[in-house]
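**Q** Once you've had a glance at the structure underneath, I'll fire off some questions.
The values are calculated or read from the model by the stated rules, or taken from the named source; none is laboratory data. The shown structure was predicted, so the numbers you read here are calculated from the model rather than taken from an experiment. Quick reminder, even Gly has a Cβ in these numbers, built from the backbone with ideal geometry, and neighbours come from all protein chains shown. Ligands, DNA and RNA are stripped out before the accessible areas are found, and what is left, the full protein with its side chains, is counted by its heavy atoms. Shrake-Rupley method; radii C 1.70, N 1.55, O 1.52, S 1.80 Å.
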Amino acid sequence: MSSHEGETSVSKEILITGGAGFIGSHLADELIAHGYRVRVLDAMISQVHGDAERPAYLHPDVTLVRGDIHDPRAVAAALRGVDAVYHFAARVGVGQSMYEIEQYTSTNDGGTAVLLEALVNQPVERLVVASSMSVYGEGMYQRQDGTIVEGKDRSIWQLAVGKWEVLGPNGEVLLPLPTPEIKTPSLASVYALSKYVQEQMCHIVGRAYNIPTVALRFFNVYGTRQALSNPYTGVLAIFASRLLNDRPPLIYEDGLQKRDFVNVRDVVQACRLAFETPGVAGETFNIGSGAAYTVRELAERMATVLRKGEIVPQLTGKYRAGDIRHCFADITKARQLLDYQPRVSLEEGLTELVGWLADQSAVDSVEHANLELAQRGLTV
């Protein structure tokens, strides 16, 4: 228990925008377990929640306020009396952002603007904003001579002929490395752009109005409660949806792209620490597991734990607009400044996820979503 939390957490009321969703609901559990009171503002959109009035998994002590982050009156009302805000309300997904451009921009950036204007009039002790690893584009790489460089976008010609790896100036394949927060953002999708605008807007307004602000760049978060019927959600939930319907996971490129898969229980630990830890206002942190796995390996592991090992992942050999090759987290800064320590191994996390999946049903909309992208010329 931190010194900040010890004597004061019982009296603190925390608002989580978008808090009825996957990560937000787990954060509510984490905060309540540590003595905080939690209020949630959520629009309860059907793509995530179906027709539910209140998710069954949402902690009974959470006060759920149904409202839109675009609505100044709803936001102002939700803010009354709160001590801190976690801003999670956002449209999520790289592929969908490339054609629902107005929706992603207005929700992620316009909604953040509405929240910040309200916070100017109702300031809080801390604002924690959920950002994304997608702001990096390609991660960090090493040349054959040992030089460390920032990854550059792959050219259309190499993607068209299936040369998937990031190449150096002489056409050599570069070695992917963990990506630290100092890497220059490279915004490859509308979603990435919107998340970068979100985090920077929060930092700018936070500094101007003395609202201590922390941005957390989440890597590939997985765990229970992820929306299985949303084809634009996390990749492990998408794989699970396919496998539960006895269909092979569909993987772009050759499946050897590397990502950092972090359990939602570790993510919400980091979120709580971002509020409780003194001296981190104005900082941005990577929140991941610190390990890298290929997407193909994750699909195979998911099939194994679901006892669907006979279903082999299907490699599309195609590139999706907005995707990058390799990006996984360097979490040194979060370890040092937040005392963040990932605790859930991939094996433990997948076992827990499968236990939850046993009681779930999933509508597999992945092929429809992929067709939508193809018809719009967003796959190569």
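**Q** So what is the diffusion coefficient of the range 84-206 in µm² per second by Stokes-Einstein at 4 °C and 1.567 mPa s, using a Kirkwood Rh over Cα pairs?
**A** The estimated diffusion coefficient comes to 79 µm²/s.
**Q** Compare I45, I238, I204, I16 by solvent-accessible area with a 1.4 Å probe and give them largest first, with all protein chains kept in place. Please report the intermediate quantities before stating the final value.
**A** Details: I45 70, I238 30, I204 95, I16 0 Å².
From most accessible down to least: I204, I45, I238, I16.
**Q** Let me ask you something else. Quick check: at a probe of 1.4 Å, how many percent of the accessible area of the range 19-107 sits on carbon and sulfur atoms?
**A** Values: 2000 of 3760 Å².
The nonpolar share, carbon plus sulfur, comes to 53 percent.
**Q** In whole percent, what relative contact order does the range 290-352 give with Cα contacts below 8 Å and a gap of six or more residues? It would help to have the intermediate numbers written out before the result.
**A** Details: 20 pairs, mean separation 25.3, N = 63.
Once normalised by length, the contact order is 40 percent.
**Q** Could you give the size of the charge dipole of the range 71-127 about its Cα centre, using +1 on the Cβ of each K and R and -1 on the Cβ of each D and E, expressed in debye and rounded to the nearest 20?
**A** Roughly 140 debye for the range 71-127.
**Q** Note down the magnitude of the dipole of the chain about its Cα centre, charges +1 on Lys and Arg C-beta and -1 on Asp and Glu C-beta and zero elsewhere, to the nearest 20 debye.
**A** Numbers: 35 positive and 45 negative charges, 65 e Å.
It comes to approximately 320 debye.
**Q** Counting pairs of alpha carbon atoms under 8 Å apart in space and at least six apart in sequence, what relative contact order in percent does the chain give? Could the numbers behind the result be given before it?
**A** On the way: 779 pairs, mean separation 68.5, N = 380.
Relative contact order comes out at 18 percent.
**Q** Still on this structure, I have one more. When the convex hull of the Cα atoms of the chain is projected onto a plane and the area is averaged over all directions, what value comes out in nm²? Present the calculation step by step, with values, prior to reporting the outcome.
**A** Numbers: hull surface 72.5 nm².
Directional mean of the projected Cα hull area for the chain stands at 18.1 nm².
**Q** With a 1.4 Å probe and every protein chain left in place, work out the accessible area per residue of the chain in Å², rounded to a whole number.
**A** Details: 15810 Å² over 380 residues.
Here the per-residue accessible area is 42 Å².
**Q** At a probe size of 1.4 Å, how large is the accessible area of K318, to the nearest 10 Å²?
**A** Counting only protein heavy atoms, the figure is 100 Å².
**Q** Once label points are set 7 Å from the Cα along Cα→Cβ at both I182 and E53, what is their separation, rounded to one decimal in nm?
**A** Computed distance between label sites I182 and E53 equals 5.4 nm.
**Q** Also, I was wondering about something else. With viscosity set to 0.692 mPa s and temperature to 37 °C, compute the Stokes-Einstein D of the range 205-302, Rh being the Kirkwood radius across alpha carbon pairs; µm²/s, no decimals.
**A** On the way: Rh = 15.3 Å.
It comes out at roughly 214 µm²/s.
**Q** Between beta-carbons, use under 9 Å as the cut-off and find the net charge around N108, counting Lys and Arg +1, Asp and Glu -1. Spell out each step's value before the answer.
**A** Details: positive: R91, K195; negative: D109.
Result for the local shell: +1.
**Q** Using a 1.4 angstrom probe with every protein chain in place, what is the largest-first accessible-area order of L250, L119?
**A** Numbers: L250 35, L119 0 Å².
Per-residue accessible area, sorted high to low, gives L250, L119.
**Q** Also, quick follow-up: With +1 on each Lys and Arg Cβ and -1 on each Asp and Glu Cβ, and nothing else charged, work out how big the dipole of the range 41-185 is about its Cα centre, in Debye to the nearest 20.
**A** Numbers: 11 positive and 19 negative charges, 25 e Å.
For this selection, approximately 120 debye.
**Q** With r defined as the distance between the Cβ atoms of L175 and A208 and R0 fixed at 41 Å, what FRET efficiency is calculated, to the nearest 0.05?
**A** Numbers: r = 41 Å, r/R0 = 1.01.
With a Förster radius of 41 Å, E is 0.50.
**Q** Still on this structure: Compare T351, T316 by solvent-accessible area with a 1.4 Å probe and give them largest first, with all protein chains kept in place. Each step should come with its number before you reach the end.
**A** Working: T351 90, T316 45 Å².
Highest to lowest solvent-accessible surface, that is T351, T316.
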